[in-house]
Each structure stands twice: as structure tokens, then as C-alpha cells.
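The values are calculated or read from the model by the stated rules, or taken from the named source; none is laboratory data. Remember, predicted model here, so these are calculated numbers, not experimental data. Virtual Cβ from ideal backbone geometry, glycine too; neighbours counted across all protein chains shown.
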Amino acid sequence: MFLSYSRSLWRGLTDVFDIYLKILRRVQQMADMELGRLSDNYRMLHSCPPCQYKLEDEPLLEIEMIGSIDGNQSLRRADLRAGAHEDPRQFRSSYLLSEDAVNVFQHDIKPRCKKSKVSAPLPPVSEEPEEAGAADGDTEHTTCADRWQAAAADVVKRMWKIYRESGIFLAACRHGFVWIFCDMIKSGELAKYGLAILNELLQLFGKNLGIGYDIACAFMATVRKSSLAAAAAELRLRLCVPAFHGFAHNRPCQLSNHPLYITGFGIEDLETCEKVFAPSNGCAKLSRHATRFHRHQSLDMHFTQWDEDKYAELATFLFNNYQQAQGLLNDMPTAIAALQSGKALEDTVYHEHLDAERLYLASRKKEPESDVIACEYVALLIKYEAAGKLYHTAMAQTVPCKSDDLQLRLHKVKLDAFEQLEQLCTLVVALEKLHDFQERWTPSDKWKAAVAYMEVREYQKALDKLEGLVVQRLFELTKMGLAGTGYKMRVHINKALKTRCKAIQTALKKFNTAACILNRPPLEWKNISTYGSLAEFSLLRECREDIRSLPWAEATNRQAAIYHLKYERALEERERLNLEVRRLATWVRDEEHDFTCNITRVGLLRPHLAAEMGEIRDRRVHINNEHRKCIARIQALPSFSGISSLGTRIGRTNTDMDIDSLNDEAADGTGGGDEELDDDGLDEDDRVADELVNITYFVENLAIDLH
Ligand SMILES: [Zn+2]
Ligand SMILES: [Zn+2]
């Protein structure tokens, strides 16, 4: 049957669907209440057994829980047109952090002063005072966030104006479970979003949290200047950049903030948020023009399903990581021995090498200002000299014939040359006055030194350009491999890569020309197309002293140091996995035990609810059985070094909930409830009629304000 669109049909269908979802939620709520899962923050504190189901007598890990935070702008929602009314309903979701809770941190950080532009082509975006960005706490610009996360351009800010919610800011654990998210309102990633989310995590999870964030280096400075500073220090919060994004940060930042260089992160890449966002983009179509209520409802449904999927994949996650860690533990010592002509792992001093590199990078001063001024001055003098020559040549020109047209053109050329010379002369004099140069420089030693320094700067500029292009290329390559990247996007990236490769080739040529002038070794295409080469860019930049002969700067030592760190991280990963596997195994047993006890108890009074709970349990048992098989596979691995027996959850007292006594109670009929109705001799029809009355009553009491 074909129905044409009518607003009343649309309205009816939407309302019915809302009611249907509300019934599902209410039933789930009732089951949760009986299972003791309705307390505040229950979901956040219990969703991930490997992270949170801590057992008695476990060794303490340096970083107890690992997660990631990040913002994403695809889940936007258009602002209402002026005069339109917002849906008054508020959807309550355990995933959602309210705008009020976020705004508590609104004034924690002062927005960083943006450089004023001389000519602004567009009027200012808004009269409202700007709020601080996530990296604005780093007022000394000590970190590298600016390098790749440019401040949002006015055009982007204009885009934010169209939307009320411009995206979400989210936190998730390393296994992919979503902890919490908040809406970003008419803005990009402001400091308050990250701070509000971190505040929740610190309050709920306590000490030794390890959190990954793209701009962790700058955000750490923001945290230190915020009202969270004391709590973050006391609870030993550790922020670091995700493994892949880390390659876009500079070398000193990597040495302090990349998970490979930090004790305790194992082989975790901290890119979880990217993985959560990829499929959540599917909700974008629904949320773009939805009401606030419906947007939150669809996000809540999406993340609930996402978490269920992650639960089903848990044991496989642990199995894969176990194998990956074991692979590293097997391979790395051999790889190091091959690089270091047979040296064993213990005979090496890579941590000393890394310390030496840190020390060197910290001691390296910024470009001295006097050099910069000398460069500017000499460049200007060279231009001035060239303009002088041009002027003299122009003045010497004469026109043999008396053509008015030619005379006029020559006059114009002379005038232009004179004006240019005069302009440059004014600039030279102004610069000399400003920096108090007593005499004009001639091509002497000082001049030569400045020219040599200019060549170095050219070289470094060419290197910066090349590095930037390689970083972009690597980002695009990974995106191509990401699940959830659509076909069109892949085609687009492919095209971009082709042009980028040409751009890289051109940049490489320029770099090699600059390197040739300085007598430095040229770079080859094959050497710059790998990840590892990025760390080497900072070494190439060094021109002032020859550090390439120091032990920490030698290529084989550097590679061996990376292998060594990977080995250490793999050891940590295995230690963590041993705990996580046992936690999951214990959780599976306890959860099923609790289900059985509670269902037996509820069955005495409310058999229908018990039946619903039974279905929830059956779904879980089905998944848990898969977990059991997978855990058995992990424990059967020859390299397995954990404890195979189950443990006891810290603080768990109801393990002995007595199923037998509950069963006895049911058999005695002392439980009361529906059984008595049978005794009263109600027949089947009466019971159905009663059920209908109950359902009608239930639906009427849903109290949905539909209009
Ligand atoms: Zn987890
Ligand atoms: Zn950084």
C-alpha cells in the first residue's frame, strides 16, 4: 500500500516509536533494579569487567586504568530558526554529562590572545566573549599543539553558528566501552569539555588513571592551570598522546608524552576514540535535524548497542593482545642482537641514551634573536643592492626614435625603479635606526656569517615543509585502512595522496638543493616514507653542532632503543592482561550466579519480570560461554603466565547468596504472589483480561508529554 506523506501520520509514527522505546527502557530499568544495577553511575563503574572488576590480592599496576578522550564534530544538530520552540522533553542518559556540569569549568582558563589581523575581510563572528580552547592553558607555547592543530578559522566558527550542538566530546576505556560524553555547544574543542569529563573520571575512578588525548601535551598545561590541578596531581593522573597521533608531535614531546616512552601503558595505542567515532558517524544523519530529545535518545541507543558489542568482543580483544605482546617478547631480543652485533638485552644502555637525548633537546636554545635580525638586515641589503643596479640600468637606457609611446614606457620603467629603490632605502634606514646599527654593513665577515645562516634557515624551512607533508601523508594512509571509511572518502583520499606524493617529491627536491649548499647528505624518497623517519627529522634539523656521532644519535642505537622500549611495554601488557583475563573469568561466574539468584527471588512475586530477566541472562550466558572458550585458549597458550583459578572481587560479600533456600521458599508457596491466583480458580481468559488491564494501566502511566 502506498501512503503519501502527511504530517499527522509522521507525528503518530514518531510518538508510537517513542512510546515503544520508553516501554523497553522501563522494562530494562525494572530488571536493573532487581539486579541491583540502578544506583548512580552504576554503568560507568561496572561496564568493563577487565578494567573494573578488581580482585583481592592483585598486584598494583603503575597505571591502573587506561582510556582516551577526544572531540568529534560529525554528530551536529542544526540550531532552531528564530522563534521556533525546542522540544521541552529532556532525555536522561547515563552516558550524557549535562551542559550545567560542563559550564562549571567555563572560566577556569583564560582564552589565549589571538594575533590581531590588520585587515579582517569578514566582520567578527560574534559579540560573545570567546572561551578558552583545550590547548589555551599552554600560555608559554612550550608544547607542539599549535604545530598541527591550528586555531579554528573564522569560516569554521561561522559553521558552528548554524549548529547548536557542534559535536560531542567523549571518554572511553581501552577496551572500547564508552564512559561518558558531553555536547560541544557552538564551538570546537574548548578547555571546559575536557576538564568536565576529566573531573568525572577522577571522581569516579580515582588514582593512577592513564588518559590519551591528541593534544595531551598542551592540555596537561591547561589542567595544571585549572581547578582540577590539585586533584590531578594527587591522584597521579597521567595524560599522553595516542600512539599514531604522537608521530605528529615533535621529538621532545614524544620523549615525554608518547605511550612507547612512558612506563605503564603497555602496547595500548590509545586511539579508542577514533574507533568509537567511526561508526557513530552513522547517527549523524539522524541527529542533524532531530530535536534535542531525539538526538540524545538515538545517541544513547547507539552507545548502549556499541557497549554490548564491545562486551561480546572482550575475550577476543584480550586474546589478540596476549598474542601481540608475546610476539614482541619473542622478536625484540633477536632484533636487538642483530642490530648490536650479538649484544644481549641486558648489556644495553638505551635508557641512558634516551636521557642524553632529552637533556640535549632541553638544553638546545631557541634561534638567537641577533641572528634573526642579522638575517633580515642582510636580506634587505641584498634586495637594496639589486634595486640600485636595476635603477642605474634603467637610467642609462635611451630611446633612439622619437616614439611617444616608447618614451612614455621608458619613463614609467625609470619611475618604478626609482620608487622601489627609495622604498627599500627607507626600510634599510628604519631597520638600522631600530637596531642601532652605526655603520651600514658591507660584504664582510658579519655579512658572510648572516648569509651562511640564511642558508641554514632555508634548509630548515625546506625540512619543515617536507616533514609536514610526510605527516599528512601518513595520516591519510591510516585513514584509508580505518574501518568505517566510506568508498567515496577512500577515493578522495587516494586522489589527495597522489597529489601529495607529487608535492612531497617537489619538497624533497627543494630540500636536497638546500642540503647540497650546506654540504649535508641528501635524503632519498624511500627513507622518508616510513613512520620511523619522523623521529629522525629533528636530528636532521641540527646544523650548529655535530651530534650525529654521539651514541644516542647513531641510527642503529636509536632503532635498538625503540625495540628495547617495545619489549618493556610488552612485558607490562602481559602483566596487565594476566589481571584482566582473571577478572573477566571471575566476572562471568559471578554475573551468572547473581542472575540466577535474583531471577529465582523475583520469580516468586513477579514471574513476568523474572521471565524478562531470564531472557537478558540467556543472551549474556550465550556470550559468556564464548568468553569461557576464549579464556581457555589464552590460558592454554604456552606463554601464559597468569593465574588460571578464579578470584574474589574486592568487597564482594554476597557470593554465597543461597539459591537453594530461595527454591525451598518457592516450593513451600510462602513466597505468595501469582500462584495464589491459580488457587482462586481464575481461568485462562480471566488472566488474559487482567494482563490487558495491566498493560493499559502501564502504558497510561508512562506519562509522556507528547505535545
Ligand atoms: Zn576497559
Ligand atoms: Zn606535543
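Could you list, ordered by first residue, the pairs with Cβ atoms under 8 Å in which the first is in the stretch 234-262 and free of Cβ contacts under 8 Å to residues at least 24 places away in the same chain and the second is within 8 Å of ligand 2 (Cβ to nearest atom) and not in a helix (DSSP H, G or I), at least 6 apart or interchain?
H258/V241; H258/H249
How many of the residues making up the stretch 222-233 are farther than 18 Å from V104 by Cα and either in contact (Cβ under 8 Å) with a residue 40 or more places away in the chain or in contact with a Ser or Thr (Cβ under 8 Å, 6 or more places away or on another chain) (or both)?
0
Is there a residue in the stretch 206-216 that is closer than 29 Å to R43 by Cα, surrounded by fewer than 19 Cβ atoms within 10 Å (Cβ to Cβ) and touching a strand residue (DSSP E or B) at 6+ places or on another chain (Cβ under 8 Å)?
Taking every residue of the stretch 206-216 in turn, at least one turns out to be closer than 29 Å to R43 by Cα, surrounded by fewer than 19 Cβ atoms within 10 Å (Cβ to Cβ) and touching a strand residue (DSSP E or B) at 6+ places or on another chain (Cβ under 8 Å).
So, of the residues in the stretch 433-450 that are within 51 Å of the chain's Cα centre (by Cα) and surrounded by 12 or more Cβ atoms within 10 Å (Cβ to Cβ), which turns out to be farthest from E385 (Cα to Cα)?
H435
Return a yes/no flag: does the stretch 82-103 have any residue that is within 16 Å of ligand 1 (Cβ to nearest atom) and either closer than 18 Å to F177 by Cβ or hydrophobic (A, V, I, L, M, F, W, C) (or both). Spell out the reasoning first.
Pass one, the stretch 82-103, residues within 16 Å of ligand 1 (Cβ to nearest atom): 95.
Those left that are additionally either closer than 18 Å to F177 by Cβ or hydrophobic (A, V, I, L, M, F, W, C) (or both): 95.
Scanning the stretch 82-103 turns up at least one residue that is within 16 Å of ligand 1 (Cβ to nearest atom) and either closer than 18 Å to F177 by Cβ or hydrophobic (A, V, I, L, M, F, W, C) (or both).
Test A315 against the criterion of being at pLDDT 85 or above, among the small types (G, A, S) and away from ligand 2 (no atom under 16 Å from the Cβ), and give yes or no.
Yes, satisfied.
Scanning for something touching a residue at least 12 places away in the same chain (Cβ under 8 Å), under 26 Å from A561 (Cβ atoms) and assigned by TED's automatic domain parsing to the domain that holds D136, does the stretch 187-200 turn up at least one residue? Full working, then the answer.
First, pick out the residues of the stretch 187-200 that are touching a residue at least 12 places away in the same chain (Cβ under 8 Å): 187-200.
Restricting the remaining residues to those that are under 26 Å from A561 (Cβ atoms) gives none.
No, there is no match, as no residue in the stretch 187-200 is touching a residue at least 12 places away in the same chain (Cβ under 8 Å), under 26 Å from A561 (Cβ atoms) and assigned by TED's automatic domain parsing to the domain that holds D136.
Within the bounds of the stretch 18-28, is there any residue that is of a type in the set (K, R), under 30 Å from R583 (Cα atoms) and outside the structural domain of H289 (by TED's automatic domain parsing)?
Looking for residues that are of a type in the set (K, R), under 30 Å from R583 (Cα atoms) and outside the structural domain of H289 (by TED's automatic domain parsing), one finds at least one in the stretch 18-28, hence yes.
Sort out which residues of the stretch 28-51 are away from ligand 1 (no atom under 16 Å from the Cβ), in contact (Cβ under 8 Å) with a residue 24 or more places away in the chain and among the hydrophobic types (A, V, I, L, M, F, W, C), and write them in order of number.
M30, A31, L35
Would you check which residues across the stretch 345-371 are modelled with pLDDT under 75 and in a helix (DSSP H, G or I) and list them?
L345, E346, D347, Y360, L361, A362, S363, E369, S370, D371
Say whether the condition of being touching a residue at least 60 places away in the same chain (Cβ under 8 Å), in a helix (DSSP H, G or I), touching a helix residue (DSSP H, G or I) at 6+ places or on another chain (Cβ under 9 Å) and within 16 Å of ligand 1 (Cβ to nearest atom) is met by at least one residue in the stretch 205-221.
yes
Just checking, does the stretch 54-62 include any residue being more than 16 Å from ligand 2 (Cβ to nearest atom) and touching a Phe, Trp or Tyr at 6+ places or on another chain (Cβ under 8 Å)?
No, every residue in the stretch 54-62 fails to be more than 16 Å from ligand 2 (Cβ to nearest atom) and touching a Phe, Trp or Tyr at 6+ places or on another chain (Cβ under 8 Å).
Residues in the stretch 69-97 that are more than 16 Å from ligand 2 (Cβ to nearest atom) and surrounded by 13 or more Cβ atoms within 10 Å (Cβ to Cβ): how many?
Adding up the residues that qualify gives 18.
Within the stretch 179-227, which residues are basic (K, R) and either within 16 Å of ligand 2 (Cβ to nearest atom) or farther than 23 Å from S94 by Cβ (or both)?
K186, K207, R224, K225
Taking interchain pairs and intrachain pairs at least six residues apart, which have beta carbon atoms under 8 angstrom, with the first residue in the stretch 574-585 and more than 15 Å from H46 (Cα to Cα) and the second in a helix (DSSP H, G or I) and of a type in the set (S, T, N, Q)?
From residues that are more than 15 Å from H46 (Cα to Cα), the pairs are R574/Q326; L577/N321; V581/Q635.
Conditions first: (1) assigned to a helix (DSSP H, G or I); (2) free of Cβ contacts under 8 Å to residues at least 24 places away in the same chain. R81 passes all but one, so which condition is the exception?
(1)
Consider H245 against the criteria (1) within 16 Å of ligand 2 (Cβ to nearest atom); (2) under 30 Å from Q28 (Cβ atoms): it satisfies all of them except one. Which criterion is unmet?
(2)
So, of the residues in the stretch 169-185 that are within 14 Å of ligand 1 (Cβ to nearest atom) and part of a strand (DSSP E or B), which turns out to be nearest to T316 (Cα to Cα)?
Step one: of the stretch 169-185, the residues within 14 Å of ligand 1 (Cβ to nearest atom) are 171-180.
Okay, now just the ones that are also part of a strand (DSSP E or B), so 171-173, 178-180.
Numbers: A171: 22, A172: 18, C173: 16, V178: 18, W179: 21, I180: 24 Å.
The extreme case among them is C173.
Being part of a loop (DSSP other than H, G, I, E, B) and not β-branched (V, I, T) is the filter here, so list the residues in the stretch 225-250 that pass it. Step through it out loud before you land on a result.
To start, the set of residues in the stretch 225-250 that are part of a loop (DSSP other than H, G, I, E, B) comprises 225-228, 235-237, 241-244, 249-250.
If the condition is that a residue be part of a loop (DSSP other than H, G, I, E, B) and not β-branched (V, I, T), then K225, S226, S227, L228, L235, R236, L237, P242, A243, F244, H249, N250 are the ones that fit.
Got a sec? Which of M33, M65 is modelled with pLDDT of 90 or more, surrounded by 15 or more Cβ atoms within 10 Å (Cβ to Cβ) and either within 30 Å of L605 (Cβ to Cβ) or not β-branched (V, I, T) (or both)?
Every option except M65 fails the conditions.
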